[in-house]
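Inspection log for the structure reproduced underneath, given as structure tokens.
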Amino acid sequence: MRKLITLLVLAAAVLAGCGSDDDNQATAAAGDGKPDLSGVTLRVGVQKDGIRAVLERTGALEDAPYDVEFSVFQFGPPLVEAAGADKIDLAWVGSTPPIFGAAAGSDFKVIAAVKERDSQENSILVKPDSPIRRVEDLKGRKVAVPKGSSAHGLLLNALKRSGLGAGDITPVFLAPADALAAFSAGKVDALTIWDPFTLQAIADGARVITGGEPDEAGLGFEIASAKALEDEAKRAAIADYVQRLSKAWQWAGEHPDEWGDAWAKDSGLPKEITRKAARVKASDIVPLDDAIVDRQQKLADLLTEEKVLPSPVKFEDIVDRDVVHLEG
């Protein structure tokens, strides 16, 4: 049984303190022609998203022929940056961070899609006594949102659908926990965020004005460091890890309370929040088909149109469909 190594470090510490992983790269091949994974340590970036909890609860990695080292980040954009800088090997992020990362020239690839079963990842919330009732009412208002996150993408899509643009609101760009704190303190008029933050806000009385379709499809992505994918052993380990995670997600969808309890223990979040989150965050890892790529391209085009990207992005250019071949 392989040992599962869990490192709880901040994203900044990871970017500043992690060195090259060259020493961990496996160079020997097994007798059957497959790469030897015994010398591989996969560096996996996570958020407070329940991934470690579901892997540990299901024992998905117990017989893995490689080690896994987890690092905790606040949200998607720093994960993309870390993958591009080869400080982590892979991570799960929302729909928008890969587009921002591509525009910034980060060296990573999108290797699989993650589809939430309820097709909703984010919500726009207001206080229970707020006069804001619909997206159009956000005009001229302060809206807290993590920059470059999936919530940012939802917000821009919702504004466009409602006849508004990025210039019609005052965005207040904050990290997720800080955005929730600013909203709770009444320093902003609205909050755009994902679960479990959404559920925490609702528990305190917040009201949802929109979320999910048609402004998003609940899409996220498994991304990998381009340098890691160039190493045969790491590429094989990454593919195997995604397969194991996919099976663990299937279990999570069928056992939401057990996953929620494990998630609470792992994250320190209240059990009543993680149990609810487990039900709405049930997800499946799916292939990167043309429909998904086309939807992402439309989002990239909107971000370019709203002048929030330094340069246009062709989403297909950051996709590698040959890494993960999902088992039926």
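Residue ranges 146-155, 173-182 sort as 146-155, 173-182 when ordered by packing (mean number of other C-beta atoms within 10 Å per residue, highest first). Ranking Ile202, Ala300, Gly105 by how far each Cα lies toward the positive end of the dipole of the chain (charges on Cβ) leaves Ile202 at the top. Adding -39500 (n - 2.57) for every DSSP H run of four residues or longer, then dividing by how many residues the chain holds, sets the calculated 222 nm ellipticity at -11500 deg cm²/dmol.
Placing +1 on the Cβ of every Lys and Arg and -1 on the Cβ of every Asp and Glu, with no other charges, gives the chain a dipole of roughly 1240 debye about its Cα centre. Ordering Trp251, Trp92 by the number of other Cβ atoms within 10 Å of each residue's own Cβ, fewest first, gives Trp251, Trp92. Shape call for the chain from the C-alpha gyration tensor, a ≥ b ≥ c root eigenvalues: rounded (a/c under 1.5), prolate (a/b greater than b/c) or oblate? Taking the square roots of the gyration eigenvalues as a ≥ b ≥ c, the chain is prolate. Taking a ≥ b ≥ c as the square roots of the eigenvalues of the Cα gyration tensor of segment 200-251, is the shape rounded (a/c under 1.5), prolate (a/b larger than b/c) or oblate? The shape class here is prolate. A simple rule links phi to the HN-Hα coupling: the Karplus curve 6.51 cos²θ - 1.76 cosθ + 1.60 with θ = phi - 60°, which for segment 158-174 gives 5, 4, 4, 4, 9, x, 10, x, 4, x, 8, 10, 10, x, 10, 7, 9 Hz, with x for Gly and Pro. Only aspartates and glutamates eight or more places from Lys139 in sequence, or on another chain, were considered; those with a Cα closer than 14 Å are Asp168, Asp189.
Only the Cβ atoms of Lys and Arg (+1) and of Asp and Glu (-1) were treated as charged; on that basis the dipole of segment 122-211 about its Cα centre amounts to roughly 220 debye. Most simply put, segment 122-211 has about 55% antiparallel DSSP beta bridges, counting only bridges with both residues inside it.
Taking a straight line from the alpha carbon of Lys187, these aspartates and glutamates sit under 15 Å away, with near neighbours fewer than eight places off in the same chain left out: Asp129, Asp178. Each DSSP beta bridge with both residues in the chain is either parallel or antiparallel, and the antiparallel ones are about 60%. Only lysine pairs 8 or more places apart or on separate chains count here, and in segment 194-283 those with Cα atoms under 29 Å apart total 10.
Legend: ranking of residues Arg57, Arg133 from fewest to most surrounding C-beta atoms inside 10 Å; resulting order Arg133, Arg57. Here's the list of lysines a cross-link from Lys314 could span, going by alpha-carbon distance under 16 Å and ignoring same-chain residues fewer than 8 apart: Lys109, Lys298. For the pair Lys314 and Lys271, label points projected 7 Å from Cα toward Cβ lie 5.3 nm apart. Shown here for segment 98-132: trypsin sites (Lys or Arg not before Pro) in loop regions (DSSP other than H, G, I, E, B) with at most 14 other Cβ atoms within 10 Å, namely Arg117.
Each reported figure results from applying straightforward, stated rules to the coordinates on display, with no laboratory input. Model, not experiment: these values are computed from the prediction. Virtual Cβ from ideal backbone geometry, glycine too; neighbours counted across all protein chains shown.
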